[in-house]
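The values are calculated or read from the model by the stated rules, or taken from the named source; none is laboratory data. All values derive from a computational prediction rather than experimental measurement. Note that we place each Cβ from the backbone using ideal geometry, even for glycine, and neighbour counts take in every protein chain shown.
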Amino acid sequence: MNYWNRRIASAILVLALVLVLNFLLFRLMPGDPVASIIDPRFSPEAKEQLRRMYGLDQSLPVQFLMYVKSTLSFDFGISFLTGRPVMDELRSRVPNTVFLLGTSLLLSSFLGTWLGMKAALRRGSILEKCVLWIGALSFSFPSFFVQLVLLMFFASMLPVFPLRGTLSVPPPSGGAALLFDYLRHMALPVLSLVLLGFGGWAIYVRNLMVKILGEDFILLARARGLPKKNILRRHAFRTMLPPLLTIFLLALPGIVSGAVITETVFSLHGVGRFLLEAVTGHDYPAAGAAFFLLALLTVACNLLSDLLYGVTDPRVRLERGNR
Amino acid sequence: MRDIFLRWSFWCLLLLIGTAIFGNRLFDAPPEREVAAPFSKPLWLDRTLPPTKEIRLSPESPSLLLDWHYAPPSRLSIRVEPSAGETGRFVLWRKPETEVPLRLAPLRGGFEADGRDIAFKRSLGLPPFGDAAASLFSEQGGYELSVSGEGPWDGDVVLKLEGGRWGLLGTDQRGRDIASLFIAGVQVSLIVGIFATLLATFLGTSLGLAAGYLGGWTDSVIMRIVDLLLSIPLLPVLMALAALWGKGLWQLVLILSIFSWMGTARTIRALTLTLRDASYIEGLRGLGAPSKYILRRHLLPETLPVLLATMTLGVPGAILSEAGLSFLGLSDPRVISWGRMLHEAHSFGAFTAGAWWMLLPPGFGIALLCLVFLDLGKFLEEKVDPRLRKGVRQ
Amino acid sequence: MISIRNLSITYGRMTSSGRTGETEAVRNVSFQVEKGKLFALAGESGSGKSSVLMAIPGLLPDGTRISGDILLDGTNLITLPEDELNRLRWWRIALVPQGAMNSFTPVLTVGRHVEEVLEVHLGLSKKASQQRIEELFRMAGLEPALASRYPHELSGGQKQRAAIALALACDPDYLLCDEPTTALDVITQQGIVATLKKLVETRGLGLLLVSHDLPLAASVCSRLFIMKDGRLVEEGEPREIVAHPHNPHSAALVNALLELEREEESGC
């Protein structure tokens, strides 16, 4: 079977598995799941409506089909905790999480790559030792601890940054003031993620670069009298690009875990904290939606990184097409 | 292996294990007990604040001179132990400059009073606002506490003056001693870290051996599962499982081990593949030895050194995961772990109070434990490597 | 003329237990390479011949000790500062590396490699390079269409010829070939060797060919150098050496060569 067919097939399999698990979790709870909603905002009539909406009065296979249909059309139902449609809840939170993760991933990968390359070029220097040390340390300290310390020192003891939230309450009016307020709230979270993340990148890039610089074709590029800049940019870096891109894309699903913790520490209005609240509050529609989206993201990133690797590394391109 | 004694991490680990086992003896109070005011600072931090003191008057020492050179305590409480019985005597308080001592409390078994009780304050002629302690100990200087009358009595009188300082590491939002909580935390982190990793190693080794030795279908299926599990982001799944299965300690250990066996499985499988085709294994097979025998008596012992190194390196992961889940509130509230301490610091106002002493000890504890295991793991890995390179033991 | 005088090369060495040892790879070697002729440097593996070759364009690893002189028309390459040496590389002296080496950057097409050298050394634009690339490939005996292929798409022989085309890009005076025929089949070997000979004749290159294949080396060169254990043990016309080897080691080599010939004659 063609390589791509196999990859897409397994991706669909994973998503299907997630759908089944989500469905089962909700309905395997003993008793009527809707009855477990103690929230007084849900009148008996509303509960009845929910029951019908989820098709709980119908047979299991029909329910499953209804569930699949609604999930795939991104209709995630009503949150048990807030009574509002899950989609609305997500819509207000997704931009914040995307900003948080996107900015910090970009900043930490760029910073880490730059430092890693510098460290590889200056073997045995203080810079290299620092890079290796910081990287090792960043694996040992729990991320939330570093963030809590930053929060304690730069928000509580020295009130440079706000203690919590995505925006001040009430938010300031006017575009510039609003933007500044937002950035001021997001600065510490993003900073903490970059601080925690650049070390790992730097170590990985340094190791990768050291390996590539030891390869024959680099020596021969030197033999051809090419200036150092050319060799680094066109030969070394270009060869490093495929694995770097892969790591970048594969880091994305892992960073979602970082979002949960970061948003909890800084009390941000994001999808991570939403997930936590949904899970602890047994808000099945919300949790199910979040998990499905997460699975979608993971699968998409895996496929995309595969695709990009094939595009950037010509050695791999043909191999896959010919299978 | 002798040079393990030269590693700092070895001694540190012994110290931590010793603390975990014997640490409770250091503190005679159980960690959950409230010992002082919430968010008390450590004793060494701010010497202008009054420390929390507990003063006992007993039949052997019925009077005490207290040299008070701090700001007034924030709270006062007095308790007469039940065995004292009814004596008609009183607990007296006197500033040496004044002539007449004040009757603080009757020496009656079971008597308890708090500095905020209005009745108590009225009986002393103190203003109804604030705590009695502020008025009683308003100045710095000497105070005398004694029991009126002559002769012995039964039981003790306990006078507690709560200040803003307590202990080595201060107190948390419930007034619990952080140093004892810290020690309790060592126990949990070590237990969870070691047991979860042990279980994961057991799982990983069995599956890795099976995949490597049996090959074929078994191998493919196991490796597909490994790939699948590795690509799933860990924390959300852990969260879901913790919320579903309950927050107990052993559930946590189980959940953590289910998601950390993959690395070990891969390593063991690779090792098994290289060993499988060794000549002496082939010889054994030729003699008709059953697979299980070969696996158990020959391949497994070969993998043990690698396993030890892998396991040691895996413990930090388990510790960090447990800390993360506890921090998010997904662990048993009755179990004191470092992650839980950080959760409480975050959720119960340590930040508004600026109580950084609640924050730093558990965090540094986690980091220290991780660094110790990482260093030991690296050491073991270096020990194992040349043996792998040398090849199969003939 | 490349003149090598009293060249000695010592490598620093890391053993598995971490200690540094030293290996004397080349001891006091002297010889000359002139334009318009093909010189061969032969010897068994480890004799130091590749080290001599790599020393000329200054490509020995950091930490290697070199003593002696390598003169290119009077300029001592060993004492030359790196940026000046860089300008000479490829422009005056080009290298055709061992076939076993990964000499091409895997993510660039072979044509792109040539384009780059033309741009850096001769300042040619992309359009102007196109013609030259076709020329070079034909000179090396390759289809110009292969320029758009990636290195892993070419066969061993094609890669070697591409390396030759690349080496000729800036019209160098000297060509250093390190084991150009190793790992190739006999027919391809003969083709490559023929191409190299033609290049020397038509372009007046000074070619130094390093090989452990003595018969091959002896058959193509006009002057043969033989190295053993880092020393130059034999030097002269190939026929002379084969007929009258001075050194016991080269004698052994020659005997082996004659054995082979005798076998061939009788075996057929």
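Points to keep in mind about this one:
- Residues that are more than 9 Å from chain C (Cβ to nearest Cβ), closer than 27 Å to B:M341 by Cα and out of contact with any Cys (no Cβ under 9 Å at 6 or more places or on another chain) do not occur anywhere in region A:208-219.
- Within region A:106-135, being among the aliphatic types (A, V, I, L, M) and in contact (Cβ under 8 Å) with a residue 24 or more places away in the chain holds for A:L107, A:L111, A:L115, A:M117, A:A119, A:A120, A:L121, A:V131, A:L132, A:I134.
Residue-wise test of (1) among the hydroxyl-bearing types (S, T, Y); (2) surrounded by 14 or more Cβ atoms within 10 Å (Cβ to Cβ); (3) under 25 Å from C:L184 (Cβ atoms); (4) touching a helix residue (DSSP H, G or I) at 6+ places or on another chain (Cβ under 6 Å).
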| position | (1), (2), (3), (4) |
| --- | --- |
| C:L60 | no, yes, no, yes |
| C:Q98 | no, yes, yes, no |
| C:S103 | yes, yes, yes, yes |
| C:V110 | no, yes, yes, yes |
| C:S125 | yes, no, no, no |
| C:L136 | no, yes, yes, yes |
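- Every listed requirement among (1) of a type outside the set (V, I, T); (2) surrounded by 12 or more Cβ atoms within 10 Å (Cβ to Cβ); (3) modelled with pLDDT under 80 is met by A:P40 save one, (2).
- Count of region C:132-169 residues, restricted to those that are within 12 Å of chain A (Cβ to nearest Cβ), free of Cβ contacts under 8 Å to residues at least 40 places away in the same chain and either over 23 Å from A:R315 (Cβ atoms) or outside any helix (DSSP H, G or I) (or both), is 0.
- Filter result (assigned to a loop (DSSP other than H, G, I, E, B) and under 27 Å from C:R92 (Cβ atoms)) within region C:176-200: C:E179, C:P180, C:T181, C:T182
- Test: A:S70 is in a helix (DSSP H, G or I), modelled with pLDDT of 80 or more and buried (at least 16 other Cβ atoms within 10 Å of the Cβ): yes
Residue-wise test of (1) of a type in the set (F, W, Y); (2) buried (at least 19 other Cβ atoms within 10 Å of the Cβ); (3) assigned to a loop (DSSP other than H, G, I, E, B); (4) in contact with a strand residue (DSSP E or B) (Cβ under 7 Å, 6 or more places away or on another chain).
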{"site": "A:A136", "(1), (2), (3), (4)": "no, no, no, no"}
{"site": "A:F145", "(1), (2), (3), (4)": "yes, yes, no, no"}
{"site": "A:M152", "(1), (2), (3), (4)": "no, yes, no, no"}
{"site": "A:R164", "(1), (2), (3), (4)": "no, no, yes, no"}
{"site": "A:V169", "(1), (2), (3), (4)": "no, no, yes, no"}
{"site": "A:F180", "(1), (2), (3), (4)": "yes, no, no, no"}
{"site": "A:L183", "(1), (2), (3), (4)": "no, no, no, no"}
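- Test: residue in region A:231-245 that is more than 16 Å from A:L107 (Cα to Cα), over 31 Å from the mean Cα position of the chain (by Cα) and hydrophobic (A, V, I, L, M, F, W, C): yes
- Annotation note: of B:V188, B:V226, the sole residue that is within 14 Å of another protein chain (Cβ to nearest Cβ) and touching a residue at least 12 places away in the same chain (Cβ under 8 Å) is B:V226.
- Selected residue (only one of B:G248, B:G212, B:G204 is over 34 Å from the mean Cα position of the chain (by Cα) and more than 9 Å from chain A (Cβ to nearest Cβ)): B:G212
- Filter pass, C:E84 being assigned to a loop (DSSP other than H, G, I, E, B), charged (D, E, K, R) and surrounded by fewer than 22 Cβ atoms within 10 Å (Cβ to Cβ): no
- Matching helices (runs of 4 or more DSSP H) fully within region B:240-353 where at least 3 residues are of a type in the set (K, R), over 30 Å from A:F154 (Cα atoms) and modelled with pLDDT under 85: none
- Some residue of region B:83-98 being of a type in the set (K, R), in a strand (DSSP E or B) and either in the same structural domain as B:L313 (by TED's automatic domain parsing) or surrounded by fewer than 15 Cβ atoms within 10 Å (Cβ to Cβ) (or both): no
- All positions within region A:76-133 that are surrounded by 13 or more Cβ atoms within 10 Å (Cβ to Cβ) and touching a strand residue (DSSP E or B) at 6+ places or on another chain (Cβ under 8 Å): A:F76, A:G77, A:I78, A:S79, A:P85, A:V86
- Cβ pairs under 8 Å, 6+ apart, first in region C:45-64 and in contact (Cβ under 8 Å) with a residue 60 or more places away in the chain, second among the small types (G, A, S) and part of a helix (DSSP H, G or I): C:P57/A:A223
- Residue-level check: of (1) away from chain C (no Cβ under 14 Å); (2) in contact (Cβ under 8 Å) with a residue 60 or more places away in the chain; (3) more than 30 Å from A:L167 (Cβ to Cβ), A:P242 misses just (1).
- Answer from A:P227, A:P189, A:P159 - the residue that is out of contact with any Gly (no Cβ under 7 Å at 6 or more places or on another chain) and closer than 30 Å to C:A163 by Cβ: A:P227
- Breaking point among (1) in contact with a Leu (Cβ under 8 Å, 6 or more places away or on another chain); (2) closer than 30 Å to B:L241 by Cβ; (3) more than 12 Å from every other protein chain (Cβ to nearest Cβ), for B:L299: (2)
- Some residue of region C:202-225 being closer than 25 Å to C:V117 by Cβ, small (G, A, S), surrounded by fewer than 21 Cβ atoms within 10 Å (Cβ to Cβ) and touching a helix residue (DSSP H, G or I) at 6+ places or on another chain (Cβ under 6 Å): no
- B:G170 more than 26 Å from B:I21 (Cα to Cα) and of a type outside the set (D, E, K, R): no
- A:A251 part of a helix (DSSP H, G or I), within 14 Å of chain C (Cβ to nearest Cβ) and buried (at least 19 other Cβ atoms within 10 Å of the Cβ): no
- Taken over region C:214-234, the residue count meeting the criterion of being over 10 Å from C:A40 (Cα atoms) and either touching a residue at least 60 places away in the same chain (Cβ under 8 Å) or assigned to a strand (DSSP E or B) (or both) is 8.
- Condition met for B:M311 (under 30 Å from A:A287 (Cα atoms), touching a residue at least 12 places away in the same chain (Cβ under 8 Å) and buried (at least 19 other Cβ atoms within 10 Å of the Cβ)): no
- Among the candidates B:L376, B:L325, the residue that is buried (at least 21 other Cβ atoms within 10 Å of the Cβ) and within 22 Å of B:K247 (Cβ to Cβ) is uniquely B:L325.
- One residue stands out in region C:88-131 among those that are small (G, A, S) and in contact (Cβ under 8 Å) with a residue 60 or more places away in the chain: the one that is nearest to the other protein chains (Cβ to nearest Cβ), namely C:S103.
- Every condition in (1) within 9 Å of chain C (Cβ to nearest Cβ); (2) touching a helix residue (DSSP H, G or I) at 6+ places or on another chain (Cβ under 8 Å) is met by A:A223 except one, and the failing one is (2).
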